Amino acid sequence: MLSTRDIYKIGIGPSSSHTMGPAFASKRFKRLYPTAEQYKVILYGSLAKTGKGHGTDRAVLQELSPTPTEVIFNIKEEKLEHPNTMDLFAYQNGKEIGKMRALSIGGGNIKILGDAEGKAPLEVYTENTFSEIAEICKKENIRLSDYVFRHESEDFPQFLSKVWSTMGNSIREGLTQNGTLPGGLGVERKAQKLFNQRHIDESPQTRENRLVCSYAFAVSEQNADCGTIVTAPTCGACGVLPAVLKYMQEKNNFLEQDIIRALAVAGLVGNLVRTNASISGAECGCQAEIGTACSMAAAGLAELFYMGIDQIEYAAEIALEHHLGLTCDPVCGLVQIPCIERNAVAAMRAINALSLANFLSDSRKISFDLVVKTMYHTGIDLSHRYRETSEGGLAKLYTEK
């Protein structure tokens, strides 16, 4: 299994698979052919169908600038290695000097095919399933976070500290902003209103809901406005994990070192889903993004509260299981409706999963590994209309009043 580090990418929104991934691929292609006088990029599948709303063309042009670049949206090609496929061509004196096919496989990760394919990334973990990892941790009497730190590089805690700092900045900046998000839907920012508008007879439960949701809205709105965020595991699901960790840190005075351990475990869960299923909405629907984010958040919270490995697994399993079948149907291809609200709902669901795991882990019947496998098969069975093409669901039926 690859490094957990890749689950957390610091970058510009609004989409890890449609903005970050194509940008990374374009940047790599430019390094391969820096003397090209012209580039051409053809986007296929979901990249073509929702690329305008996600700003895929803008991200590509920015990376290949100032060289003249033609971006083509090919919505007809169906025989693809992955729903997020792109071809890049380099020209000099009117002749093709290089080409590359790249797959944006989710979370800002790319896979290069063909002549330009580089060396495969190094495997960091020998184990590839939660059950394998849990067996080692129980045998050696170590926590999941200890297992992660044992396998990652020496500077991994410092990297997670930077991740947490960036997440915090996204929340703070999001809470200071108001107005309308770009894209034409007229979606108003709501994070600041949620944070400040205390209910006249507010119970502790209502306050928790309001604050957690305000943090999730803050990060998700920053993402929708092309702000700097951290994928967790994607841009579209970036608000879930920071929202719950920020709230619990404030409520219980957890130290940064506690948060770093929680991020390590959350990242491990996201890594397991990426390895054994998918974190791409274009491949498996929103269950792969929001479902995984909720699972990461639940596991991170369980580590934060120093729960046992079985409880951590149960929290992660509950969170993902109850997002099975969730479709990805962004209205107008924008990461706004229903994406922003989904981050807030998933954040609260992660807290609920934590509570259930605290009581019921000894009676569970379903393993985390089984739910991950089920999610992948469910995603493959979903109609392409519900896999980030904006051809079904809310994206199809929504009309501006």
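The values are calculated or read from the model by the stated rules, or taken from the named source; none is laboratory data. All values reported here derive from a predicted model rather than from experimental measurement. Every residue, glycine as well, gets a Cβ built from its backbone with ideal geometry; the counts of neighbours run over all protein chains shown. Accessible surface is based on the protein model in full, side chains and every heavy atom, while ligands, DNA and RNA are left aside. Shrake-Rupley method; radii C 1.70, N 1.55, O 1.52, S 1.80 Å.
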| message | Just checking, does segment 199-210 include any residue being under 25 Å from Tyr8 (Cα atoms) and at pLDDT 95 or above? | response | no
| query | Of the residues that sit in segment 332-355 and are buried (at least 16 other Cβ atoms within 10 Å of the Cβ) and either at pLDDT below 95 or among the hydroxyl-bearing types (Ser, Thr, Tyr) (or both), which one is farthest from Ile133 (Cα to Cα)? | reply | Cys332
| Search result, residues across segment 111-139 that are within 17 Å of Arg5 (Cβ to Cβ), open to solvent by 100 Å² or more (accessible area, probe 1.4 Å) and modelled with pLDDT under 85 | Leu122
| query | Tally time: how many residues in segment 346-385 are without any contact (Cβ under 8 Å) to a residue 60 or more places away in the chain and closer than 27 Å to Gly183 by Cβ? | reply | 3
| message | Just to check your reading of the model, which residue among Glu188, Glu154 is within 23 Å of Thr231 (Cα to Cα), open to solvent by 60 Å² or more (accessible area, probe 1.4 Å), out of contact with any strand residue (DSSP E or B) (no Cβ under 6 Å at 6 or more places or on another chain) and modelled with pLDDT of 95 or more? | response | Glu154
